[in-house]
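The values are calculated or read from the model by the stated rules, or taken from the named source; none is laboratory data. Note that this is a predicted model, so its numbers are computed, not measured. Cβ atoms come from the backbone with ideal geometry, glycine included; neighbour counts cover every protein chain shown. Side chains included, ligands, DNA and RNA excluded: accessible areas come from the protein's heavy atoms. Shrake-Rupley method; radii C 1.70, N 1.55, O 1.52, S 1.80 Å.
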Amino acid sequence: MARLEGDFASPCGNERDTQDSSEYGRVTVPADATVCGTRIVVCVSKFGSLALVCADNPGAFLGTGEAQAEGELDAADLDRVNRALSDLGYAIVPEELLECDYAGPGRLHVQRPTWWQRFFGSF
């Protein structure tokens with residue numbers, strides 16, 4: 001969080017330890033600190049060093065590419081977030097991939113589990 005606060009020269013909000021979730025927490029870069037005026041949300045998984053970067057909220061767009069195409073996410077802002085996460089050792093998972101079916105190990109009590117449900121969602 002401190003890294004993003006420095007990179008964006010703004011306090012960033014955070015949520016941690018979401019109960020019954022595969023998500024460890026979230027860091028939010030506020031809208032007024034971004035070029036496009038849309039907040040950037042970073043979700044961190046409890047499994048490994050996986051992170052998701054999205055504009056506004058997970059699921060608000062079909063990934064960062066769509067958010068950029070719609071003028072809601074600036075490429076330089078996205079690069080700053082991605083660079084910070086990479087420097088801190090996180091693997092950034094594209095949001096589009098998280099909607100793919102998950103067939104690996106785990107106890108997910110849903111008909112068609114997705115990678116989102118496994119690594120970031122509630123259980």
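Dipole size of the chain about its Cα centre, with +1 on Lys/Arg Cβ and -1 on Asp/Glu Cβ: approximately 540 debye, rounded to the nearest 20.
Taking the 1.4 Å solvent-accessible surface of the chain as the whole, the part contributed by carbon and sulfur is 50%. Does the chain come out rounded, prolate or oblate by the C-alpha gyration tensor, with a ≥ b ≥ c the root eigenvalues, rounded set by a/c under 1.5 and, if not, prolate when a/b is larger than b/c and oblate if not? Prolate is the answer for the chain, as a/c is 1.5 or above and a/b outweighs b/c. Accessible surface of residue 83, taken over heavy atoms with a 1.4 Å probe and every protein chain present, rounds to 120 Å².
Using the Cβ-Cβ distance between residue 101 and residue 9 with R0 set to 41 Å, the FRET efficiency works out to roughly 0.50. Counting only alpha carbon atoms, the long axis of helix 75-87 and the longest principal axis of the chain meet at about 60°.
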